[in-house]
Amino acid sequence: MHLRGNLMLLLAAFIWGTTFVAQMVGMEGLGPFTYAAARYILGFLFLVGLWYTWKGPRETAKRAGTYHAGWKAGLGAGCIMFVATSLQQVAMLYTTAGKTAFITALYIILVPLGAVLLGKRIHIENWIGAFLALAGLYFLSIHGEVALSFGDGLVLISAFFWTGHILFIDRFASLVDPIELSTTQVGVCAAGSLVAALLFETIAVQPIFSAWFAIFYGGVMSAGVAFTLQILGQQYAEPGQAAIIMSFEAVFGVLSSWLLLGEQMTIAQIMGCVLMLAGMIITQIRPLLKDRRRMS
């Protein structure tokens, strides 16, 4: 089950990383809130359909007395996620994508710190893995830029909200219906993004149709599938491990940009990928040893 949870989180990171390419293409003619509203509305509709098709297992859980609704938890998760994504989107007007990726991924360190404050035990290999992953992300995204801007400050604030989101999901993922939690949080982001787009941007129909594939991928795959995989995966993974695995969206983002957009990878970026991979492997040593002892 631990391996299954890690694979779910890694797949979520892959989808988020490749969504970066979709966002780059989709936002060429759309404002950030308009793109976010379109993708989250589509993701919400996808999850409503998934919720309906999930009614069999849900009814079985109700008869067994193990069903717990996820709507209320989803409201809390959605509010946190909307603030985090909105801060990132606004920050991108004032800073670079590389610095945004690096500062956001400070949750690699903030999540285990938060978990300790909440009374959870974080093993030494998780700390080592977190620092290796953070060092790898530096080589992957910063490229020598050290000056901080107003946008960097917004991204730093968003990192705290992403930390809160991961810890919030860790608290409720195994307690409530995951599809209901995911549906509600994406619905909150859809509503918030639509209001922001109406207030701060001019919405035009034609650019939305022109960006249909980027919206589809960002809505169904990222908002719908990946965030649901996060909730399912965090049922089995510790929060510190989950943060490191999910930070691999940066690696997948660089690789997909290289493969699909023709962007070049430097020696430093390759070194960063290796360091991040080493950090993730280190965090898996203890769980793998436990699984081997159970099997022997």
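The values are calculated or read from the model by the stated rules, or taken from the named source; none is laboratory data. Keep in mind that what you see is a predicted model, and the values were worked out from it rather than measured. All Cβ positions, even for glycine, are placed from backbone atoms using ideal geometry, and neighbour counts span all protein chains on display.
Right, VAL83: over 17 Å from PHE227 (Cα atoms), surrounded by 17 or more Cβ atoms within 10 Å (Cβ to Cβ) and of a type in the set (A, V, I, L, M, F, W, C) or not? Let's see the steps before the verdict.
Values: over 17 Å from PHE227 (Cα atoms): no; surrounded by 17 or more Cβ atoms within 10 Å (Cβ to Cβ): yes; of a type in the set (A, V, I, L, M, F, W, C): yes.
For VAL83, the condition - over 17 Å from PHE227 (Cα atoms), surrounded by 17 or more Cβ atoms within 10 Å (Cβ to Cβ) and of a type in the set (A, V, I, L, M, F, W, C) - is not met.
Let's see how each residue does on (1) at pLDDT below 80; (2) of a type in the set (Phe, Trp, Tyr); (3) over 17 Å from the mean Cα position of the chain (by Cα):
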{"site": "TRP51", "(1), (2), (3)": "no, yes, yes"}
{"site": "TRP71", "(1), (2), (3)": "no, yes, yes"}
{"site": "ALA77", "(1), (2), (3)": "no, no, no"}
{"site": "PHE102", "(1), (2), (3)": "yes, yes, no"}
{"site": "LYS120", "(1), (2), (3)": "yes, no, yes"}
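Tell me yes or no: at least one residue of region 173-186 is at pLDDT below 95 and surrounded by fewer than 18 Cβ atoms within 10 Å (Cβ to Cβ).
So far as region 173-186 goes, yes, one or more of its residues are at pLDDT below 95 and surrounded by fewer than 18 Cβ atoms within 10 Å (Cβ to Cβ).
List, please: which pairs have Cβ atoms under 9 Å, are six or more places apart or on different chains, and start with a residue in region 178-193 that is among the small types (Gly, Ala, Ser) and end with one that is at pLDDT below 95 and outside any helix (DSSP H, G or I)?
Between residues of region 178-193 that are among the small types (Gly, Ala, Ser) and residues that are at pLDDT below 95 and outside any helix (DSSP H, G or I), the close pairs are SER182/GLY70.
Enumerate the pairs (first residue in region 264-286 and under 11 Å from VAL251 (Cα atoms) and modelled with pLDDT of 75 or more; second residue anywhere and surrounded by fewer than 19 Cβ atoms within 10 Å (Cβ to Cβ) and among the small types (Gly, Ala, Ser)) with beta-carbon separation below 6 Å, excluding pairs fewer than 6 apart on the same chain, so at least 6 apart or on different chains.
Short answer, once both residue conditions are applied: LEU275/ALA135.
Restricting the search to region 215-262, which residues are of a type in the set (Phe, Trp, Tyr) and touching a Phe, Trp or Tyr at 6+ places or on another chain (Cβ under 8 Å)?
Here is the first cut: in region 215-262, the ones of a type in the set (Phe, Trp, Tyr) are 216-217, 227, 236, 248, 252, 258.
Within region 215-262, PHE248, PHE252 meet the criteria.
Take residues that are more than 17 Å from TYR40 (Cα to Cα) and tell me which of the helices (runs of 4 or more DSSP H) falling wholly in region 158-272 contain 1 or more. Show your work before the answer.
Numbers: elements: 178-200, 205-210, 212-216, 227-233, 239-246, 249-260.
Once the helices (runs of 4 or more DSSP H) in region 158-272 are filtered for at least 1 residues that are more than 17 Å from TYR40 (Cα to Cα), what remains is 178-200, 205-210, 227-233, 239-246, 249-260.
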